[in-house]
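Trainee: What follows is a single structure, and I will ask about it in a moment.
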Amino acid sequence: SMSTYLNNTNGFEIQKSGSDIFHVDTSGNLTMQGNITAGNISGVNFTGDSLTLAGELSVTGSLSANNGNVVINSSGLTIKGGNLTIGDSSGNTTTHIESDGTFVTTKGVFSGSVAITDSLTLSGSSANIDVGGGKFHVDSSGNVTAKSMTVTGGQIIAGDGDNGVDVS
């Protein structure tokens, strides 16, 4: 059975079988059971399965989408089984990270130390390696320029491959 109450102590209540299903207390706090179907509530637009917000969304806790495959929380951003694409203000992709770890960027600057555990491939006609502002440089043709070099063990082979110098 449904009952409706309005009084100075409890505020406004709608009860079903003795339990509140809609309650506004005397301080204006709203507690309810069920779903909200609405158009626009104070700048928040509910339409079908979407929510449009003009302004800022403040969340205590985390945001989760796609059954937990995309999560934003205080630890950062987690994407499981998908890719991350970052674009400029015109919508052009500038950085793309695939789910297998492949990293592609149109412009990248790495600071600190970068550890490469397998291989590093530079491609393109202008792919160069430069360390220390030209102190050690490898151009796209494989030419090496070094201001100074210490080599121990092995052999240094000249460009024609015939004139090796043993280093011990």
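The values are calculated or read from the model by the stated rules, or taken from the named source; none is laboratory data. Predicted, not measured: the structure shown is a model, and the values here were computed from it. For neighbour counting, all protein chains shown are included, and Cβ atoms are generated from backbone atoms with ideal geometry for every residue, glycine included. What goes into the accessible areas is simple: the full protein's heavy atoms, side chains included, and nothing from ligands, DNA or RNA. Shrake-Rupley method; radii C 1.70, N 1.55, O 1.52, S 1.80 Å.
Trainee: Once the convex hull of the alpha carbons of the chain is built, what does its volume come to per residue, in cubic angstrom?
Mentor: Convex hull of Cα atoms, per residue: 256 Å³.
Trainee: Here is a further query. Residue 15 to residue 56: FRET efficiency via 1/(1 + (r/R0)^6), r the Cβ-Cβ distance, R0 35 Å, to the nearest 0.05? Each step should come with its number before you reach the end.
Mentor: Details: r = 36 Å, r/R0 = 1.03.
The calculated FRET efficiency here is 0.45.
Trainee: So between residue 25 and residue 73, what do we pick up on full extension, going 0.36 nm a residue minus the alpha carbon distance?
Mentor: Working: separation 48, 0.36 × 48 = 17.28 nm, distance 3.25 nm.
In short, 14.0 nm is gained.
Trainee: What number comes out for accessible area per residue over the chain if the probe is 1.4 Å? Units Å², please.
Mentor: Numbers: 13570 Å² over 168 residues.
I get 81 Å² per residue for this part.
Trainee: With +1 on each Lys and Arg Cβ and -1 on each Asp and Glu Cβ, how big is the dipole of the chain about its Cα centre, in debye rounded to the nearest 20?
Mentor: On the way: 5 positive and 14 negative charges, 69 e Å.
So the dipole magnitude of the chain works out to roughly 340 debye.
Trainee: Considering only 123, 153, 44, whose Cα is most displaced toward the positive end of the charge dipole of the chain, charges sitting on Cβ of Lys, Arg (+1) and Asp, Glu (-1)?
Mentor: Of 123, 153, 44, it is 44.
Trainee: With a 1.4 Å probe and every protein chain kept in, tell me what percent of the accessible surface of the chain is carbon plus sulfur.
Mentor: Working: 6580 of 13570 Å².
On the chain, the fraction of accessible area on carbon and sulfur atoms equals 48 percent.
Trainee: From Cα pairs below 8 angstrom and at least 6 apart in sequence, can you work out the relative contact order of the chain, rounded to a whole percent?
Mentor: Values: 196 pairs, mean separation 10.1, N = 168.
So the answer I get is 6 percent.
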